[in-house]
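Below is one structure, written out as structure tokens; comments come after it.
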Amino acid sequence: MHLTREEEKMYQGEFGPAIEKSMEILVALGDIYGADGMVEIVSAQISGVSYKTIGEAGLEYLKDLAGEGAQVKVPSTLNPAGVDLDNWEKLGFPEEFVKKQQIIVETYHEMGISTTCTCTPYLVGNVPTLGSHIAWSESSAVCYANSVLGARTNREGGPGALSAAICGRTPNYGYHLDEGRIPNLLVEVDTPLKRSDYGALGYCVGKTVGNGIPYFILKSKTQQKTSINNLKALGAALASSGAVALYHVEKITPEYKTTHANLETLEKISITSADLEETREQLSRCKNKPDLVCLGCPHASLEEIQEVAEILRGKTLVNDLWVCTSISVKAASDRMGYTKIIEKAGGQVVCDTCMVVAPIEEMDFKVIGVDSAKAANYVPSMCGLDVVFDDWKNLISFET
Ligand code: F3S
């Protein structure tokens, strides 16, 4: 693998042990995946933040790296943590867990990383442009960045993205190359899609395509104005049942015309309403009413919070409700009065965390209601709780 003179110096330790260690990781990754060299990146998004997922070993690794003077070279943002960093007490997060979590976030902060704690960095200012190279690690954000923004990133692990942030480079292979972005499965969607159908569609196709690149043709005319909220749900689900990092949607995503694919020769599948119904059944593993409904997987946009507030206005919820989002979007929600309406109805706008990486299994909830196929996939395995998957309006109940 070719290294420039500066990269060689990084590798040899001339810029200190943190850069040396990080460059070693990048070179090892590049060798494994057959990269010809490094490519400079314009941003990083780093997973491995919740104490629930990285534990003591991850915490020690980060402290060592920060102790060696690690500093990021490019704008870098953090994935969700395990708790709402401001309102953990009110929400009932366990104190011991919170203390560990605070150390992790402070350690990332010391390295110069923005402690945004969100899986939708593209909603809070980390918005790479078409064709730019980045190193992101949250799988749903990777899918969004590659597909909707047309930026270029592999599905980095937490240490890979952090190393890239510290060196300002990542190995040049996979989705960084034109030939790594060509679709290999044509997916014709024969049914109109609404709301959580996008997640069901992603989940269903992800299982077929694995780590391939699907090219969607949405046949219903109404789909051609699909929102970014639907695209983030689609990508998150594709990335969770499969290992999809990039999808194209005809007439919608930016690279659909330039993929150099001969669509005629691609393997083709059709998705019908019956396929989506079957997927919804698979995802909804429990028939009981949820005691906690969690929305915002991936983290909710301001429009999604507004929609919840409009439905909740003047009503009282029977179930607990979390709308998970970033601190930045919550600030806008506070200003618009949405947070107050949701709180008055008995719900919470929860920042920095989500139903999967928070320790909700320690918080007395039994059945979790979600409108995200990704969350429905992970809540049972990561939290050991029952899950119901549906459109959120069907999940919540009001006092009569
Ligand atoms: Fe984000 Fe958590 Fe879902 S990190 S994509 S809200 S599982």
- Query: How many residues are of a type in the set (Ser, Thr, Tyr), out of contact with any Ser or Thr (no Cβ under 6 Å at 6 or more places or on another chain) and surrounded by 24 or more Cβ atoms within 10 Å (Cβ to Cβ) if we restrict to the range 316-337?
  - Reply: 1
- Message: Condition check: touching a Gly at 6+ places or on another chain (Cβ under 9 Å) and open to solvent by 10 Å² or more (accessible area, probe 1.4 Å). Does residue 158 satisfy that?
- Response: yes
- Query: For the range 262-274, how many residues meet the condition of being more than 16 Å from residue 391 (Cβ to Cβ) and under 27 Å from the mean Cα position of the chain (by Cα)?
  - Reply: 4
- Just to be sure, is residue 214 farther than 29 Å from residue 369 by Cα, at pLDDT 95 or above and in contact with a Leu (Cβ under 8 Å, 6 or more places away or on another chain)? no
- Which numbered condition residue 277 fails, given (1) of a type outside the set (A, V, I, L, M, F, W, C); (2) modelled with pLDDT of 95 or more; (3) more than 21 Å from the chain's Cα centre (by Cα); (4) farther than 16 Å from residue 195 by Cβ: (4)
- Among the numbered conditions (1) more than 11 Å from the ligand (Cβ to nearest atom); (2) of a type in the set (Val, Ile, Thr); (3) in contact (Cβ under 8 Å) with a residue 24 or more places away in the chain, tell me where residue 400 comes up short. (3)
- Going by the conditions given, is residue 293 surrounded by 16 or more Cβ atoms within 10 Å (Cβ to Cβ) and more than 17 Å from residue 391 (Cβ to Cβ)? no
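For every residue, the table says whether it meets (1) within 14 Å of the ligand (Cβ to nearest atom); (2) more than 20 Å from residue 375 (Cβ to Cβ).
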position: 247; (1), (2): no, no
position: 268; (1), (2): no, yes
position: 297; (1), (2): yes, no
position: 303; (1), (2): no, no
- Scanning the range 150-183 residue by residue, those within 18 Å of residue 246 (Cα to Cα) and hydrophobic (A, V, I, L, M, F, W, C) turn out to be 151, 161, 177, 182
- Would you mind stating whether residue 183 is assigned to a loop (DSSP other than H, G, I, E, B), touching a Ser or Thr at 6+ places or on another chain (Cβ under 9 Å) and touching a residue at least 12 places away in the same chain (Cβ under 8 Å)? yes
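The values are calculated or read from the model by the stated rules, or taken from the named source; none is laboratory data. For clarity, every value in this text was computed on a predicted model and none was experimentally measured. No Cβ is skipped: glycine too gets one built from the backbone with ideal geometry, and neighbour counts run over all protein chains shown. In case anyone asks, the SASA skips ligands and DNA or RNA and just uses the protein heavy atoms, side chains included. Shrake-Rupley method; radii C 1.70, N 1.55, O 1.52, S 1.80 Å.
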